[in-house]
Amino acid sequence: MAVEDILAGLGYPLIFLAALHALLGSILLRRPLRHQVMIVPAAITCWAFAAACLAAGLGYVYKSNGLDPDLPIRLTWCSWLPLVSATQIILSIRNPNGRAARWAGWIGYPLAAIIVLVAVTTNQIQGGVPQLFPYVANLGPLAAPIEFVIAVVATVLVVLTVRSLKRIPDEIREQASRVLLGLAATGVVVIGFEIVNFAGWTVDTSLAVYGSVFWAIGVIAALGPRGLFNLDVAAVHVSLVLTWGLVLAAIQWGLWTLLSPPLPGGVALVATCMVVVLGAYAGLPLSRRTLDRIDALLLSGRNRRPVLQQCMRAAVTYLDLDQLLDYLSRTLVREVGISSVSFLLEDEQGTLAPQRVQNDQADAGLPAGSPLASHLRLERRAFRIADVRSLPEGALRDSIQEEMRLLGATLVLPLACKGRLLGILVLGPMASGARYDADDVEMLSSLADQAAIAVENARLFRSATTDGLTGLLQRAYFLTRLKEEMERTKRYGRAASLLMLDIDHFKRVNDQFGHAEGDLVLKEVAALLRQGLRSSDIACRYGGEEFVVLLPETSGELASKVAERLREAAAATVLGQAGTVTLSIGVAEMRPEQQPDSLIQQADVAMYQAKRSGRNRVVLWRSRSREPAAAEADGQPPPAGTD
């Protein structure tokens with residue numbers, strides 16, 4: 001076999017693998033994993049492997065065609081990028097709510113960019129590749145240290161990956177374990193190439209990117225059970241990725257031709273690549289909407305009955321209203337083929353307000369007593385835009401037609417339960433341009449009936465578990481969640497902390513301004529908590545003017561910083577006639593053997609210590625051996641008149 005054939009046989013599969021990685025990165029953002037924190041670094045890992053595979057593949061293809069492979073081979077040093085994103089994946093699993101993954105990106109990506117810049121513009125890492133088979137390269141003084149660091153980092157990542165398999169939460173275990181196993185297998189291949197290299201055998205370590213096929217297998221195994229690899233959808237996605245890649249390459253080439261005369265060629269190359277990457281990242285929201293419409297168009301010709309039946313079965317399992325509406329709207333757009341969706345739910349004033357809008361559906365509601373809402377409340381059946389013609393001519397018909405136009409509605413369905421209209425499901429046109437036939441209307445009406453039951457259940461669950469005044473969790477339900485979260489924290493060996501907050505001098509607010517003003521202060525403080533906390537944090541109105549917040553994945557020191565931000569926010573916010581109020585906050589970090597009552601007591605003790613120390617401050621509870629001052633308050637009642 002000729003050397004050229006061998007080189008081509010090594011290069012073209014790498015280019016194909018690069019296209020596969022690029023496709024998987026696109027699909028990850030379109031059909032995300034259950035572990036939300038892992039989505040972006042996983043997609044970046046796919047695209048980083050795509051860049052490394054493409055560079056190595058082009059090097060071999062260039063050489064097989066008699067061209068100089070120097071530049072593509074130099075660009076294979078972008079293989080540092082997957083190391084950074086893989087580190088982010090592992091850190092996001094080990095500590096989903098921490099900042100370690102973010103800091104790894106802020107440090108790692110600039111470092112990788114510097115290494116690529118040095119490799120392309122100087123001979124400090126690589127001075128040329130006279131021969132690829134057998135491999136001969138002129139390596140610079142920095143090559144060996146960088147190769148050694150790559151081997152060490154890859155080894156550490158493999159060890160952490162294997163250890164992280166035991167710390168995956170149950171709800172994401174199936175998907176995340178497959179991704180991690182693919183990552184570990186890829187790391188083993190990289191380590192093997194580095195060992196062979198250090199042993200004195202002359203090999204091209206850029207071929208280690210072949211190991212990324214295991215990463216691709218892991219991602220496919222994680223996403224495959226969700227039915228994401230329909231051939232027609234995948235084919236269109238591949239075409240779009242290739243087209244988008246060619247467009248970006250043309251933009252990069254144009255910028256490079258403009259900048260390369262004043263700038264050195266290597267510097268201009270790296271700079272223009274960074275500009276194109278940032279531009280592509282900024283255009284992600286637009287590309288997602290485009291893919292939504294294309295997916296809907298492709299799926300519109302399929303039998304939608306199984307999808308709708310599965311959607312109806314799944315809807316009644318949701319108890320969180322926001323998650324329910326998000327699931328329904330995404331399914332209708334991405335799986336059923338409807339161009340746009342919105343849910344309008346009736347509030348206490350009778351207004352139908354938009355609760356969830358998918359794609360470019362009009363973000364509009366309906367006032368109380370609107371003609372369209374009254375018609376749906378009376379008829380209790382689906383209403384299409386074409387049905388307007390069947391109404392008697394007059395002001396009512398014109399009003400309903402205008403409201404349909406403002407909503408951007410082609411079909412509206414009542415969400416009715418127990419004889420009461422809860423809201424309206426507003427659907428735009430089919431993405432394919434087809435009309436809603438009788439079978440479509442029948443199935444969507446059944447879905448709307450099931451969705452209404454699910455909405456009612458979610459509302460009842462919310463009213464049973466949340467405080468009516470503040471919208472935070474009630475004490476009884478919070479204690480149940482606290483016990484569950486503490487068990488989860490113990491099982492996976494993670495940190496957690498509890499905040500106990502009390503509004504200082506709240507009794508004076510009630511006495512001076514009345515209980516209505518006191519209620520306003522409570523609602524505003526609850527709003528400050530929601531704004532200042534993460535979605536994973538659990539806040540509760542514990543009683544009176546006291547609030548409790550559980551911070552998963554947070555140490556006592558970090559929780560104190562969170563508490564300080566909340567205290568400063570309250571002190572800087574004017575709350576009605578009462579003006580500003582201050583908070584005394586106690587912080588307690590959970591110990592592995594601790595029970596919920598003990599953790600609450602420690603936070604309570606720390607909070608009263610904050611009051612004794614002058615109020616408007618944060619106190620972290622510590623054991624007697626570490627902090628005698630805080631321990632003096634242990635078991636003592638608060639001073640007389642404390643509020």
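Rolling a 1.4 angstrom probe over region 489-611 with all protein chains present gives an accessible area of which 49% lies on carbon and sulfur atoms.
Taking amide hydrogens as placed 1.01 Å from N in the peptide plane, the amide H of residue 417 sits under 5 Å from those of 422, each at least 5 positions away in sequence or on another chain.
Please work out the average accessible area per residue across region 437-563, using the 1.4 Å probe convention, and give it in Å².
43
For the peptides 329-339, 507-517, the ranking by packing is 329-339, 507-517, with the highest mean count of neighbouring Cβ atoms within 10 Å listed first.
Across region 513-530, computed HN-Hα scalar couplings (Karplus, 6.51 cos²θ - 1.76 cosθ + 1.60, θ = phi - 60°) run 10, x, 5, 4, 5, x, 4, 4, 4, 4, 5, 5, 5, 4, 5, 4, 5, 4 Hz from first to last residue, x flagging Gly and Pro. Take the Cα of residue 391, step 7 Å toward its Cβ, do the same at residue 595, and the gap between the two points is 6.3 nm. Available extension along the chain between residue 462 and residue 310 is 52.3 nm, counting 0.36 nm per residue and deducting the alpha carbon span. Taking only protein heavy atoms and a 1.4 Å probe, the accessible area of region 98-224 is 72% carbon and sulfur.
Share of carbon and sulfur in the accessible area of region 349-428 stands at 49%, probe radius 1.4 Å.
The values are calculated or read from the model by the stated rules, or taken from the named source; none is laboratory data. Note that the coordinates shown come from a computational prediction; the quantities given were computed from them, not determined experimentally. Neighbour counts run over all protein chains shown; Cβ positions are idealised from the backbone, glycine included. Remember, those area values only see protein heavy atoms, side chains included, never the ligands or the DNA or RNA. Shrake-Rupley method; radii C 1.70, N 1.55, O 1.52, S 1.80 Å.
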